[in-house]
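What follows draws every value from the coordinates through simple rules; no lab data is involved. Note that the structure is a prediction, hence the values are computed from the model and not measured. All Cβ positions, even for glycine, are placed from backbone atoms using ideal geometry, and neighbour counts span all protein chains on display.
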Amino acid sequence: MDFAEVLRARRMVRSYRPDPVPEDVLRRIVKVVHRAPSAGFSQGHRLIVITDPELRRKVADLTEQTYLDGGMKPWISVAPVLIAIGIREESYHERYRQPDKVTGEGEEGEWPVPFWWFDSGSLLVLLQLAAANEGLATGFFGPHADGLDELIGLPKDVGLAGFLTLGYSDDNSRAVPSSLANRPKQIPLDDLVTWR
């Protein structure tokens, strides 16, 4: 697939077939963690790939009701793969205390934004593009339920950015689902990009 096709294939999906994803395909997808941006090559990304049906059900039990209450059909519990996207903030601080990164005063510099969270979003997009390249669909849900960290075995020093759902789409149409029919129209490019 060429890059333009991969971009067109990347979209948030909330409807999956329960078919398992082959392990070699999953490995190719998660391997993008080595290509994901990390400030100063801090390498703070951490992934937990969840294929175990019982653990996926437990994650869905904690998270899916919000979506069901909003009128959506089950999707977290159906997706055959959940990928927890974590970030270890201390990896960034450790890296920026190294001699080639410290300030003139020999200290770690200020962080104008928490780049660890920014980088976790970059990793999310790379995972989505890698999945689209493999003919798979993805979705995302945030860590909005207590107990998820412990449930999935996330190390104490890793923050949970959210979960990528991954699998074969049950809806291959490009039509906008009726649940999204009233969403805002796409903002014109000239309103989003300023040229100087």
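Where does the chain land at 222 nm, in deg cm²/dmol rounded to the nearest 500, when only DSSP H runs of n ≥ 4 count, each adding -39500 (n - 2.57), divided by all residues?
-9000 deg cm²/dmol
Could you work out how much longer the chain between residue 8 and residue 105 gets when fully extended? Use 0.36 nm per residue separation minus the Cα distance between them, nm to one decimal.
30.2 nm
Out of every Cα-Cα pair in the chain, what percent are more than 22 Å apart?
That tail contains 55 percent of the Cα-Cα pairs.
Which distance in nm do the two modelled labels at residue 183 and residue 31 give, with both placed 7 Å along the Cα-to-Cβ direction?
Distance between label points: 3.1 nm.
Set the Förster radius R0 to 25 Å, insert the Cβ-Cβ distance between residue 117 and residue 171 as r into 1/(1 + (r/R0)^6), and round the FRET efficiency to 0.05.
Using R0 = 25 Å, I get an efficiency of 0.25.
Using the Cα atoms of the stretch 23-75, I'd like the radius of gyration and the largest Cα-Cα distance, Dmax, both in angstrom.
In Å, with Rg to one decimal and Dmax whole: 15.6, 43.
Beyond 16 Å, what percent of the Cα pairs of the stretch 85-179 remain?
68 percent
Along Cα→Cβ, 7 Å out, is where each label goes; now give me the distance between the ones at residue 54 and residue 94 in nm to one decimal.
Here the answer is 3.2 nm between the modelled labels.
Can you give the charge dipole size of the stretch 3-192 about its Cα centre, rounded to the nearest 20 debye, using +1 on the beta carbon of Lys and Arg and -1 on the beta carbon of Asp and Glu?
About 780 debye.
Pull up the cross-link candidates among the lysines for residue 73, meaning alpha carbon to alpha carbon under 25 Å and not fewer than 8 places away within one chain.
Within the straight-line cut-off, residue 73 pairs with 58, 185.
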